[in-house]
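Asks: Below you will find the structure I want to go over with you.
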Amino acid sequence: DLGTANTIIIYNDKVVVDEPSIVAIQRDTQKIMAVGKRAMMMHGKTHENIKTIRPLRDGVIADFQAAEYMLREMIKMINFHNSIFPPALKMVICIPSGITEVEERAVKDSAEQAGAKEVRLIHEPMAAAIGMGIDVESPEGCMVVDIGGGTTEIAVISLGGIVANKSIKVAGDDLNADIVEYMGRMHNLRIDEPTAERIKMQVGSALPELEDAPEDYMVIGPNKVTALPMQVPVSYQEIAHCLEKSIAKIENAILQALEATPPELYADIVKRGIYLTGGGAQLHGLSKRLTDKITIPFHVAEDPLHAVARGTGVALKNVNNFGFLIR
Ligand code: ADP
Ligand code: MG
(Lines give C-alpha, C1' and ligand atoms only; values in the text may rest on other atoms or scores of the structure.)
(Ligands and ions follow the chains in the order given, each with its own letter.)
Protein backbone atom coordinates (compact mmCIF):
# COMPACT_ATOMS: atom_id res chain seq x y z
CA ASP A 1 0.00 0.00 0.00
CA LEU A 2 1.81 3.02 -1.36
CA GLY A 3 0.00 5.70 0.62
CA THR A 4 0.49 9.44 0.85
CA ALA A 5 1.17 9.18 4.56
CA ASN A 6 2.19 5.54 5.14
CA THR A 7 3.57 2.69 3.07
CA ILE A 8 2.69 -0.80 4.21
CA ILE A 9 4.00 -4.09 2.86
CA ILE A 10 2.39 -7.45 3.52
CA TYR A 11 4.52 -10.51 2.88
CA ASN A 12 3.30 -14.03 3.57
CA ASP A 13 0.14 -12.58 5.16
CA LYS A 14 2.06 -10.51 7.66
CA VAL A 15 2.67 -6.78 7.86
CA VAL A 16 6.45 -6.66 7.45
CA VAL A 17 6.94 -2.98 6.63
CA ASP A 18 4.88 -0.14 8.08
CA GLU A 19 6.66 3.16 7.57
CA PRO A 20 5.78 6.79 6.90
CA SER A 21 6.08 7.61 3.18
CA ILE A 22 9.04 9.95 3.45
CA VAL A 23 12.67 10.09 2.35
CA ALA A 24 15.58 12.25 3.50
CA ILE A 25 17.96 13.43 0.78
CA GLN A 26 21.34 15.12 0.86
CA ARG A 27 20.93 18.23 -1.25
CA ASP A 28 24.38 18.56 -2.84
CA THR A 29 24.93 14.92 -3.83
CA GLN A 30 21.21 14.02 -4.12
CA LYS A 31 22.04 10.92 -2.11
CA ILE A 32 19.24 9.32 -0.11
CA MET A 33 20.07 9.34 3.59
CA ALA A 34 17.06 7.62 5.12
CA VAL A 35 13.55 6.42 4.37
CA GLY A 36 10.51 5.86 6.58
CA LYS A 37 10.68 6.39 10.34
CA ARG A 38 14.34 7.41 10.24
CA ALA A 39 13.57 10.08 7.66
CA MET A 40 10.51 11.14 9.66
CA MET A 41 12.67 11.90 12.68
CA MET A 42 14.53 14.43 10.53
CA HIS A 43 11.30 16.02 9.25
CA GLY A 44 11.10 19.65 10.32
CA LYS A 45 14.62 19.51 11.74
CA THR A 46 16.72 19.58 8.59
CA HIS A 47 19.50 22.07 7.76
CA GLU A 48 20.35 23.43 4.35
CA ASN A 49 22.08 20.29 3.15
CA ILE A 50 19.35 17.80 4.03
CA LYS A 51 15.79 17.88 2.86
CA THR A 52 12.92 15.57 3.55
CA ILE A 53 10.52 14.71 0.75
CA ARG A 54 7.16 13.05 0.84
CA PRO A 55 7.17 11.54 -2.65
CA LEU A 56 3.39 11.20 -2.69
CA ARG A 57 1.32 14.31 -2.22
CA ASP A 58 -2.40 14.69 -2.66
CA GLY A 59 -2.71 11.02 -3.52
CA VAL A 60 -0.47 11.13 -6.57
CA ILE A 61 3.24 10.63 -7.07
CA ALA A 62 4.75 14.09 -6.84
CA ASP A 63 8.37 12.98 -7.04
CA PHE A 64 8.99 9.92 -9.19
CA GLN A 65 12.61 9.36 -8.34
CA ALA A 66 12.05 9.62 -4.63
CA ALA A 67 9.02 7.33 -4.84
CA GLU A 68 10.97 4.71 -6.70
CA TYR A 69 13.84 4.88 -4.26
CA MET A 70 11.49 4.69 -1.29
CA LEU A 71 9.74 1.63 -2.68
CA ARG A 72 13.05 -0.08 -3.37
CA GLU A 73 14.45 0.65 0.10
CA MET A 74 11.27 -0.53 1.79
CA ILE A 75 11.33 -3.80 -0.12
CA LYS A 76 14.90 -4.21 1.11
CA MET A 77 13.60 -3.91 4.68
CA ILE A 78 11.70 -7.19 4.30
CA ASN A 79 13.45 -9.98 6.05
CA PHE A 80 13.32 -12.79 3.49
CA HIS A 81 13.69 -15.87 5.64
CA ASN A 82 16.76 -17.98 4.99
CA SER A 83 17.56 -16.51 1.63
CA ILE A 84 20.46 -14.20 1.00
CA PHE A 85 18.98 -12.89 -2.21
CA PRO A 86 15.38 -11.75 -2.29
CA PRO A 87 13.27 -14.31 -4.12
CA ALA A 88 11.64 -13.44 -7.43
CA LEU A 89 8.60 -11.71 -6.10
CA LYS A 90 5.04 -11.67 -7.26
CA MET A 91 3.61 -8.32 -6.23
CA VAL A 92 0.30 -6.55 -6.05
CA ILE A 93 0.56 -2.82 -5.49
CA CYS A 94 -2.34 -0.63 -4.68
CA ILE A 95 -2.55 2.70 -6.42
CA PRO A 96 -4.70 5.79 -5.93
CA SER A 97 -7.73 5.66 -8.19
CA GLY A 98 -6.86 9.00 -9.81
CA ILE A 99 -3.46 7.87 -11.07
CA THR A 100 -2.54 8.36 -14.76
CA GLU A 101 -1.30 5.61 -17.06
CA VAL A 102 2.18 7.11 -17.05
CA GLU A 103 2.20 6.97 -13.28
CA GLU A 104 0.93 3.40 -13.30
CA ARG A 105 3.86 2.50 -15.55
CA ALA A 106 6.28 4.24 -13.18
CA VAL A 107 4.98 2.30 -10.17
CA LYS A 108 5.30 -0.97 -12.08
CA ASP A 109 8.80 -0.09 -13.30
CA SER A 110 10.07 0.67 -9.83
CA ALA A 111 8.58 -2.54 -8.49
CA GLU A 112 10.34 -4.46 -11.26
CA GLN A 113 13.57 -2.61 -10.52
CA ALA A 114 13.15 -3.70 -6.93
CA GLY A 115 13.00 -7.35 -7.90
CA ALA A 116 9.40 -8.08 -8.77
CA LYS A 117 8.85 -10.73 -11.38
CA GLU A 118 5.15 -10.26 -11.83
CA VAL A 119 3.35 -7.05 -10.90
CA ARG A 120 -0.38 -6.32 -10.77
CA LEU A 121 -1.99 -3.11 -9.65
CA ILE A 122 -5.22 -2.67 -7.74
CA HIS A 123 -7.23 0.49 -7.15
CA GLU A 124 -7.23 1.61 -3.54
CA PRO A 125 -10.96 1.62 -2.81
CA MET A 126 -11.20 -1.93 -4.14
CA ALA A 127 -8.35 -3.02 -1.88
CA ALA A 128 -9.94 -1.19 1.05
CA ALA A 129 -13.25 -2.97 0.53
CA ILE A 130 -11.60 -6.38 0.27
CA GLY A 131 -9.55 -5.57 3.37
CA MET A 132 -12.75 -4.89 5.30
CA GLY A 133 -14.06 -8.31 4.37
CA ILE A 134 -16.55 -7.17 1.74
CA ASP A 135 -17.38 -9.52 -1.12
CA VAL A 136 -16.60 -7.07 -3.92
CA GLU A 137 -17.81 -9.40 -6.64
CA SER A 138 -21.35 -9.57 -5.32
CA PRO A 139 -24.05 -7.54 -7.11
CA GLU A 140 -24.96 -5.90 -3.84
CA GLY A 141 -23.45 -2.42 -3.88
CA CYS A 142 -21.35 -0.94 -1.12
CA MET A 143 -19.72 2.40 -0.42
CA VAL A 144 -16.22 2.82 0.91
CA VAL A 145 -14.79 6.08 2.26
CA ASP A 146 -11.02 6.11 2.73
CA ILE A 147 -9.60 9.15 4.52
CA GLY A 148 -5.84 9.10 4.08
CA GLY A 149 -3.12 11.71 4.32
CA GLY A 150 -3.62 13.58 1.05
CA THR A 151 -7.00 12.55 -0.27
CA THR A 152 -10.38 11.23 0.75
CA GLU A 153 -11.51 8.59 -1.72
CA ILE A 154 -15.15 7.67 -1.95
CA ALA A 155 -16.16 4.74 -4.11
CA VAL A 156 -19.20 2.65 -4.85
CA ILE A 157 -18.34 -0.95 -5.64
CA SER A 158 -20.44 -3.67 -7.19
CA LEU A 159 -19.79 -6.78 -9.32
CA GLY A 160 -16.02 -6.50 -8.96
CA GLY A 161 -15.85 -2.99 -10.33
CA ILE A 162 -15.84 0.63 -9.23
CA VAL A 163 -19.20 2.04 -10.27
CA ALA A 164 -18.66 5.57 -9.03
CA ASN A 165 -15.66 7.25 -7.59
CA LYS A 166 -15.09 10.62 -6.01
CA SER A 167 -11.81 11.91 -4.74
CA ILE A 168 -11.17 15.17 -2.91
CA LYS A 169 -7.89 16.63 -1.78
CA VAL A 170 -9.09 17.13 1.77
CA ALA A 171 -7.75 14.61 4.27
CA GLY A 172 -5.33 14.19 7.20
CA ASP A 173 -2.71 16.66 5.93
CA ASP A 174 -5.32 19.38 5.64
CA LEU A 175 -6.50 18.82 9.19
CA ASN A 176 -2.90 19.27 10.31
CA ALA A 177 -2.64 22.48 8.29
CA ASP A 178 -5.87 23.73 9.91
CA ILE A 179 -4.35 23.12 13.34
CA VAL A 180 -1.08 24.92 12.50
CA GLU A 181 -3.04 27.92 11.26
CA TYR A 182 -5.42 27.88 14.22
CA MET A 183 -2.69 27.69 16.87
CA GLY A 184 -0.96 30.68 15.28
CA ARG A 185 -4.11 32.73 14.95
CA MET A 186 -5.81 31.93 18.26
CA HIS A 187 -2.89 31.32 20.58
CA ASN A 188 -0.01 33.16 18.89
CA LEU A 189 1.81 29.87 19.02
CA ARG A 190 4.12 28.82 16.23
CA ILE A 191 4.01 25.07 15.59
CA ASP A 192 5.00 22.68 12.81
CA GLU A 193 3.26 19.76 11.17
CA PRO A 194 4.55 17.05 13.54
CA THR A 195 3.13 18.95 16.55
CA ALA A 196 -0.16 19.51 14.73
CA GLU A 197 -0.30 15.77 14.05
CA ARG A 198 0.18 15.04 17.77
CA ILE A 199 -2.54 17.53 18.68
CA LYS A 200 -4.88 15.84 16.19
CA MET A 201 -4.18 12.38 17.61
CA GLN A 202 -4.77 13.52 21.20
CA VAL A 203 -7.58 16.04 20.98
CA GLY A 204 -8.68 16.02 17.35
CA SER A 205 -12.46 15.79 17.09
CA ALA A 206 -15.22 15.95 14.52
CA LEU A 207 -17.80 16.84 17.17
CA PRO A 208 -17.87 19.60 19.83
CA GLU A 209 -19.45 17.14 22.28
CA LEU A 210 -17.84 13.75 22.83
CA GLU A 211 -18.95 10.97 25.13
CA ASP A 212 -15.44 9.83 25.98
CA ALA A 213 -13.85 13.26 25.95
CA PRO A 214 -10.05 13.36 25.89
CA GLU A 215 -8.26 15.59 28.39
CA ASP A 216 -6.70 18.87 27.30
CA TYR A 217 -3.36 18.52 25.59
CA MET A 218 -0.44 20.75 26.60
CA VAL A 219 1.42 22.25 23.67
CA ILE A 220 4.80 23.91 24.06
CA GLY A 221 6.27 26.29 21.50
CA PRO A 222 7.48 29.79 20.73
CA ASN A 223 5.24 32.82 20.82
CA LYS A 224 4.79 33.98 17.23
CA VAL A 225 5.57 37.59 18.10
CA THR A 226 7.95 37.56 21.07
CA ALA A 227 9.61 34.16 20.45
CA LEU A 228 9.31 33.48 24.19
CA PRO A 229 8.33 29.95 25.18
CA MET A 230 4.64 29.32 25.77
CA GLN A 231 2.58 26.47 27.18
CA VAL A 232 -0.97 26.27 25.92
CA PRO A 233 -3.57 23.70 27.00
CA VAL A 234 -5.68 22.72 23.99
CA SER A 235 -9.17 21.26 24.34
CA TYR A 236 -10.93 18.93 21.94
CA GLN A 237 -13.80 21.42 21.68
CA GLU A 238 -11.59 24.06 20.15
CA ILE A 239 -9.99 21.59 17.77
CA ALA A 240 -13.46 20.40 16.73
CA HIS A 241 -14.22 24.01 15.91
CA CYS A 242 -10.94 24.43 14.02
CA LEU A 243 -11.49 21.28 11.93
CA GLU A 244 -15.14 22.03 11.18
CA LYS A 245 -14.68 23.44 7.68
CA SER A 246 -12.52 20.57 6.42
CA ILE A 247 -14.78 17.93 7.95
CA ALA A 248 -17.78 19.61 6.32
CA LYS A 249 -16.00 19.32 2.95
CA ILE A 250 -15.53 15.58 3.46
CA GLU A 251 -19.16 15.28 4.48
CA ASN A 252 -20.29 17.14 1.34
CA ALA A 253 -18.15 14.96 -0.90
CA ILE A 254 -19.86 11.87 0.55
CA LEU A 255 -23.26 13.44 -0.08
CA GLN A 256 -22.28 14.21 -3.68
CA ALA A 257 -21.12 10.65 -4.19
CA LEU A 258 -24.46 9.40 -2.85
CA GLU A 259 -26.26 11.76 -5.16
CA ALA A 260 -24.42 10.26 -8.14
CA THR A 261 -25.15 6.67 -7.06
CA PRO A 262 -27.70 4.71 -9.12
CA PRO A 263 -30.86 4.13 -7.01
CA GLU A 264 -30.58 0.32 -6.86
CA LEU A 265 -27.10 0.58 -5.44
CA TYR A 266 -28.15 3.43 -3.18
CA ALA A 267 -30.72 1.16 -1.58
CA ASP A 268 -28.03 -1.47 -0.95
CA ILE A 269 -25.81 1.14 0.66
CA VAL A 270 -28.56 2.38 2.98
CA LYS A 271 -29.16 -1.21 4.04
CA ARG A 272 -25.51 -2.10 4.59
CA GLY A 273 -24.17 1.19 5.86
CA ILE A 274 -21.06 3.00 4.64
CA TYR A 275 -17.58 1.61 5.32
CA LEU A 276 -15.06 4.07 6.70
CA THR A 277 -11.33 3.44 6.59
CA GLY A 278 -7.88 5.11 6.35
CA GLY A 279 -6.10 6.74 9.27
CA GLY A 280 -8.55 9.65 9.23
CA ALA A 281 -11.40 7.28 10.14
CA GLN A 282 -9.92 7.25 13.66
CA LEU A 283 -10.65 10.91 14.31
CA HIS A 284 -12.72 11.16 17.52
CA GLY A 285 -16.43 11.50 16.82
CA LEU A 286 -16.15 11.24 13.04
CA SER A 287 -18.22 8.14 12.40
CA LYS A 288 -20.88 9.36 14.84
CA ARG A 289 -21.03 12.74 13.17
CA LEU A 290 -21.32 11.25 9.68
CA THR A 291 -23.96 8.76 10.83
CA ASP A 292 -26.03 11.55 12.40
CA LYS A 293 -25.71 13.95 9.48
CA ILE A 294 -26.11 11.54 6.59
CA THR A 295 -28.55 9.23 8.41
CA ILE A 296 -26.87 6.10 7.07
CA PRO A 297 -24.80 4.11 9.57
CA PHE A 298 -21.01 4.38 9.16
CA HIS A 299 -18.87 1.37 10.08
CA VAL A 300 -15.23 2.00 10.94
CA ALA A 301 -12.80 -0.69 9.74
CA GLU A 302 -11.33 -2.81 12.48
CA ASP A 303 -7.81 -1.70 11.59
CA PRO A 304 -8.24 1.43 9.45
CA LEU A 305 -4.52 1.99 8.85
CA HIS A 306 -4.06 -1.50 7.42
CA ALA A 307 -7.33 -2.31 5.62
CA VAL A 308 -5.99 -1.35 2.18
CA ALA A 309 -2.79 -3.34 2.66
CA ARG A 310 -4.72 -6.37 3.89
CA GLY A 311 -7.03 -6.20 0.89
CA THR A 312 -4.01 -5.97 -1.38
CA GLY A 313 -2.68 -9.09 0.32
CA VAL A 314 -5.92 -10.95 -0.37
CA ALA A 315 -5.74 -9.80 -4.00
CA LEU A 316 -2.24 -11.26 -4.25
CA LYS A 317 -3.64 -14.65 -3.32
CA ASN A 318 -6.32 -14.31 -5.96
CA VAL A 319 -4.29 -12.84 -8.83
CA ASN A 320 -5.76 -15.37 -11.19
CA ASN A 321 -9.42 -14.98 -10.13
CA PHE A 322 -9.76 -11.24 -9.61
CA GLY A 323 -10.42 -9.83 -13.05
CA PHE A 324 -10.17 -6.27 -11.81
CA LEU A 325 -6.43 -6.41 -11.15
CA ILE A 326 -4.46 -4.27 -13.61
CA ARG A 327 -1.67 -5.90 -15.58
P1 ADP B 1 -2.43 7.16 3.33
O2 ADP B 1 -3.16 5.98 2.82
O3 ADP B 1 -2.69 8.41 2.56
O4 ADP B 1 -0.98 6.89 3.51
P5 ADP B 1 -3.35 6.51 5.98
O6 ADP B 1 -4.58 5.73 5.73
O7 ADP B 1 -2.13 5.78 6.37
O8 ADP B 1 -3.03 7.48 4.76
O9 ADP B 1 -3.74 7.58 7.09
C10 ADP B 1 -2.83 8.57 7.46
C11 ADP B 1 -3.59 9.77 7.97
O12 ADP B 1 -4.42 9.39 9.07
C13 ADP B 1 -2.64 10.84 8.47
O14 ADP B 1 -3.05 12.11 7.98
C15 ADP B 1 -2.81 10.76 9.98
O16 ADP B 1 -2.62 12.01 10.58
C17 ADP B 1 -4.25 10.30 10.11
N18 ADP B 1 -4.51 9.66 11.40
C19 ADP B 1 -3.93 8.55 11.92
N20 ADP B 1 -4.41 8.28 13.15
C21 ADP B 1 -5.33 9.24 13.42
C22 ADP B 1 -6.18 9.54 14.54
N23 ADP B 1 -6.17 8.78 15.64
N24 ADP B 1 -7.00 10.62 14.46
C25 ADP B 1 -7.02 11.38 13.37
N26 ADP B 1 -6.24 11.18 12.28
C27 ADP B 1 -5.40 10.12 12.31
MG1 MG C 1 -4.40 4.89 1.89
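Asks: Let me spell it out: the conditions are (1) surrounded by fewer than 24 Cβ atoms within 10 Å (Cβ to Cβ); (2) away from ligand 1 (no atom under 16 Å from the Cβ); (3) at negative phi, and I99 meets all of them except one. Which number is the exception?
Replies: The single condition I99 does not satisfy is (2).
Asks: If I ask for residues that are within 13 Å of ligand 1 (Cβ to nearest atom) and surrounded by fewer than 20 Cβ atoms within 10 Å (Cβ to Cβ), which ones from the stretch 7-16 would you list?
Replies: V15 - this is the single residue of the stretch 7-16 that is within 13 Å of ligand 1 (Cβ to nearest atom) and surrounded by fewer than 20 Cβ atoms within 10 Å (Cβ to Cβ).
Asks: Limited to the stretch 211-228, what total is found for residues that are over 16 Å from M201 (Cα atoms) and in a loop (DSSP other than H, G, I, E, B)?
Replies: Of the residues in the stretch 211-228, 6 are over 16 Å from M201 (Cα atoms) and in a loop (DSSP other than H, G, I, E, B).
Asks: Quick one: which residue in S205, S287, S235, S246 is touching a residue at least 24 places away in the same chain (Cβ under 8 Å), among the hydroxyl-bearing types (S, T, Y) and out of contact with any Asp or Glu (no Cβ under 8 Å at 6 or more places or on another chain)?
Replies: S205
Asks: Residue check: is I254 in contact (Cβ under 8 Å) with a residue 24 or more places away in the chain, closer than 24 Å to I95 by Cα, more than 11 Å from ligand 1 (Cβ to nearest atom) and surrounded by 14 or more Cβ atoms within 10 Å (Cβ to Cβ)?
Replies: Yes.
Asks: Determine which member of the set A88, A114, A24 is more than 16 Å from ligand 2 (Cβ to nearest atom), in contact with a helix residue (DSSP H, G or I) (Cβ under 9 Å, 6 or more places away or on another chain) and modelled with pLDDT under 85.
Replies: A114
Asks: Is it the case that A177 is within 21 Å of G204 (Cβ to Cβ), part of a helix (DSSP H, G or I) and either under 21 Å from the mean Cα position of the chain (by Cα) or within 16 Å of ligand 1 (Cβ to nearest atom) (or both)?
Replies: So A177 passes the test.
Asks: Condition check: surrounded by 15 or more Cβ atoms within 10 Å (Cβ to Cβ), at pLDDT 95 or above, within 18 Å of N12 (Cβ to Cβ) and polar (S, T, N, Q). Does T291 satisfy that?
Replies: So T291 fails the test.
Asks: Now for a separate question. From the residues in the stretch 263-302 that are of a type in the set (G, A, S) and within 16 Å of the chain's Cα centre (by Cα), which one is nearest to ligand 2 (Cβ to nearest atom)?
Replies: G278
Asks: Considering only the stretch 27-132, give the strands (runs of 3 or more DSSP E) lying wholly within it that have at least 1 residues that are within 25 Å of L325 (Cβ to Cβ) and of a type in the set (D, E, K, R).
Replies: Here the list reads 89-95, 116-123.
The values are calculated or read from the model by the stated rules, or taken from the named source; none is laboratory data. Computed from a predicted structure; not experimentally measured. Quick reminder, even Gly has a Cβ in these numbers, built from the backbone with ideal geometry, and neighbours come from all protein chains shown.
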